[in-house]
Amino acid sequence: MTEIKQWQDHQGQVLDSVNGFDVIDCTLCGFKHAIPLPTPDELEQIYRHEYYTAEKPLYLERAREDIDWWNLVYSDRYDSFESLLPMGHRRLLDIGSGPGFFLLHGQNRGWQVRGIEPSARAAAHARGLGLDVVEDFLDEASSQSLGRFDVVHLSEVLEHIPDPARLMKIARSLLIPDGLLCAVTPNDYNAFQHTLRTACGFPPWWVAPPHHLNYFDFDSLSMLFESTGLEVVSREATFPIDLFLLMGDNYVGNDQLGRACHEKRKTMEQSLAKAGLNSVKRNLYRCLANAGIGREACIIGRAIDS
Ligand SMILES: [Zn+2]
């Protein structure tokens, strides 16, 4: 039986109820999200002080362990930007730049890079790498002094915040005409997750409020780009890691098995690159995006005249 819930102006069918939140397929927003949405004060506490210490204590250690693989991921992304921009257009802003590894990769490649990051610990780490990072949340006020960019990058940010449409609008305002906005979010309520849930007895493990408030897929994220005045020019998946679950490796709540599955994905991707066939991987991931499959959705949009 379907239950419809309303909270403020948001309304939609209830998909799941976890941690005192309901996830609705919101008809107002055009994407799935949790209600009630936390207040700005509650979120500020999480992201300024707790996130990289309480929620992601292993993040830095693992980022270092996986750095060769991450550099391949980052290299693909900068390759995309360079193929879509004229020569000389190499200024990038990373919103939620975390410990700074994505910025560092760009800087080493000759890009002029800047970050904005609310976590004191993560921002200090990035500055220690010699990077230009503003320690703040992005809002209308803080955006005024950041400058203009050829690319604005938002990786694993939009799923965390209560008003992603507003943040997209601010991010777009920081672009030069024809500039690019790139967003990466989890691709949730996808066909593999649906299968695991309905045929294999899995709980909705990907539903994690208040850390994940929004649950995008390729189509709803594309719609958010279009409603922000951005023409979608690239849609690419990341490896559908939930495939391991479907094949019987249940890594949910099993960190050791999760790492082992991640290692297999790394081996596959790095072997293709070593063989000079990185383009095969990228074609595959574009096909997966068209099929709505992939653990994350990576979408690039171009700012069009409004
Ligand atoms: Zn809504």
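Could you tell me which trypsin sites (Lys or Arg not before Pro) in the range 69-109 are loop residues by DSSP with no more than 14 other beta carbons within 10 angstrom of their beta carbon? Before the final figure, lay out the partial values.
On the way: sites: R77, R90, R91, R109; in loops: R90, R109.
Counting only loop positions with at most 14 other Cβ atoms within 10 Å, the trypsin sites (Lys or Arg not before Pro) in the range 69-109 are R109.
Of the options I300, G106, T185, report the single residue whose Cα projects farthest towards the positive end of the charge dipole of the chain (beta-carbon charges: Lys, Arg +1; Asp, Glu -1).
G106
For L167, L43, L246, what ranking results if the residue with the fewest other Cβ atoms within 10 Å of its Cβ goes first?
Numbers: L167 23, L43 19, L246 15.
In order of increasing Cβ crowding within 10 Å: L246, L43, L167.
Straight distance only, please: which lysines reach the Cα of K281 with their own Cα at less than 16 Å, same-chain residues fewer than 8 apart left out?
Within the straight-line cut-off, K281 pairs with K264, K266.
Just to confirm my numbers, what's the Cα centroid distance between the range 144-167 and the range 234-306 in Å?
Distance between centres, Cα-based: 23 Å.
Would you mind ranking I161, I67, I46, I304 so that the residue whose beta carbon has the fewest other beta carbons within 10 Å leads the list? All intermediate terms of the calculation are to be shown ahead of the outcome.
Working: I161 20, I67 14, I46 17, I304 11.
In order of increasing Cβ crowding within 10 Å: I304, I67, I46, I161.
For the chain, what is the mean residue ellipticity at 222 nm derived from helices alone (per DSSP H run of n ≥ 4: -39500 (n - 2.57); sum divided by total residues; nearest 500 deg cm²/dmol)? All intermediate terms of the calculation are to be shown ahead of the outcome.
Numbers: 12 runs with 120 residues, N = 306.
That comes out to -11500 deg cm²/dmol.
Given S17, L284, L93, which one lies farthest toward the positive end of the charge dipole of the chain, if we put +1 on the Cβ of every Lys and Arg and -1 on the Cβ of every Asp and Glu?
The listed residue farthest towards the positive side: L284.
Based on C-alpha coordinates, I'd like the Rg and Dmax of the range 157-262, in Å.
16.2, 49
Tell me the Kirkwood radius of the range 96-227: reciprocal of the mean inverse pair distance over distinct alpha-carbon atoms, in Å. Display every interim value, and only then the final one.
Working: mean 1/r = 0.0614 Å⁻¹.
In the range 96-227 this quantity evaluates to 16.3 Å.
Quick one: if the Förster radius is 35 Å, what FRET efficiency do S75 and E44 give, using the C-beta to C-beta distance and rounding to 0.05?
Numbers: r = 34 Å, r/R0 = 0.97.
For S75 and E44, the calculated efficiency is 0.55.
Could you give log10 I(q)/I(0) at q = 0.07, 0.08 Å⁻¹ for the chain, computed by the Debye formula over C-alpha point scatterers of equal weight, without solvent?
-0.26, -0.35
Can you list the lysines whose alpha carbon is less than 27 Å from that of K32, not counting same-chain residues fewer than 8 positions off?
Correct list for K32: K5, K56, K169.
Modelled label-to-label distance, Q11 and T267, 7 Å Cα→beta-carbon offset: nm?
Between Q11 and T267, the label points sit 5.3 nm apart.
All of the numbers you see were taken from the coordinates with simple rules; none came from a lab. All figures in this text were calculated on a predicted structure; none of them were measured in a lab. Note: ideal-geometry Cβ built from the backbone for every residue, glycine included; neighbour counts use all protein chains shown.
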